[in-house]
Amino acid sequence: MLVVDDSGVMRKIIVRSLNAVGVTDVVEAGDGQEAFEKFQAESFELVLTDWNMPVRSGLELVKDIRGSGSKVPIMMVTTEAQKSQVITAIQAGVTDYLTKPFENETLRKKLDKYVAV
């Protein structure tokens, strides 16, 4: 699983939450550019990405991944919760959306749709 967030603290929180629901194979990236490089080098069953990041945003990352032809599930994990933003993300190719802050149980239920945890 690839976790992308420019905040090291937030990445740790997400990784801890993933660990709590049984996901231990996690690769981290600090922005969309770094994430796309890792995405091209490895195979991931799910990508969790923040929206607002320097260098390359989560939305740009989604477009890059979809532009590469990949159908990997992508979950936007962000504070951006306005309906128009959710629609923009879905139109770009996001599979699911999770608003920060979130509970581990909410994350687990979302993950159950895409991966075995």
Exercise. Taking the stated definitions as given, is VAL55 touching a helix residue (DSSP H, G or I) at 6+ places or on another chain (Cβ under 9 Å) and either modelled with pLDDT under 95 or at positive phi (or both)?
Worked result: yes
Problem set entry | Leading residue by the ranking (nearest to GLN82 (Cα to Cα)) among those in the range 18-66 that are among the polar types (S, T, N, Q) and in contact (Cβ under 8 Å) with a residue 12 or more places away in the chain | ASN52
Exercise. Would a scan of the range 6-17 turn up a residue that is outside any loop (DSSP other than H, G, I, E, B), crowded, with 18+ Cβ neighbours inside 10 Å, in contact (Cβ under 8 Å) with a residue 40 or more places away in the chain and more than 12 Å from the chain's Cα centre (by Cα)?
Worked result: yes
Seminar exercise, completed: Expected output for the range 76-95 (first residue touching a residue at least 12 places away in the same chain (Cβ under 8 Å), partner of a type in the set (Lys, Arg) and not in a loop (DSSP other than H, G, I, E, B), Cβ below 8 Å, 6+ apart or cross-chain) is ALA92/LYS63; ALA92/ARG66; GLY93/LYS63; GLY93/ARG66
Exercise. Restricting the range 9-28 to residues that are of a type in the set (Val, Ile, Thr) and in contact with a Lys or Arg (Cβ under 8 Å, 6 or more places away or on another chain), which is modelled with the lowest pLDDT?
Worked result: VAL21
Problem set entry | Selection count, the range 66-97, where residues are within 21 Å of LEU107 (Cβ to Cβ) and touching a helix residue (DSSP H, G or I) at 6+ places or on another chain (Cβ under 6 Å) | 6
Problem set entry | Filter result (surrounded by fewer than 17 Cβ atoms within 10 Å (Cβ to Cβ) and β-branched (Val, Ile, Thr)) within the range 27-50 | VAL27
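Please work out which residue is nearest to PHE44 (Cα to Cα), limiting yourself to the range 80-117 and to residues that are of a type in the set (A, V, I, L, M) and assigned to a helix (DSSP H, G or I).
Out of the qualifying residues, it is LEU111.
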Seminar exercise, completed: In the range 76-92, residues that are in contact with a Lys or Arg (Cβ under 6 Å, 6 or more places away or on another chain) and surrounded by fewer than 17 Cβ atoms within 10 Å (Cβ to Cβ) total 1
Exercise. Is at least one residue of the range 51-61 out of contact with any Asp or Glu (no Cβ under 7 Å at 6 or more places or on another chain), surrounded by fewer than 14 Cβ atoms within 10 Å (Cβ to Cβ) and not in a loop (DSSP other than H, G, I, E, B)?
Worked result: no
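The values are calculated or read from the model by the stated rules, or taken from the named source; none is laboratory data. Here the structure is a predicted model, which means the values were calculated and not measured. Every residue, glycine as well, gets a Cβ built from its backbone with ideal geometry; the counts of neighbours run over all protein chains shown.
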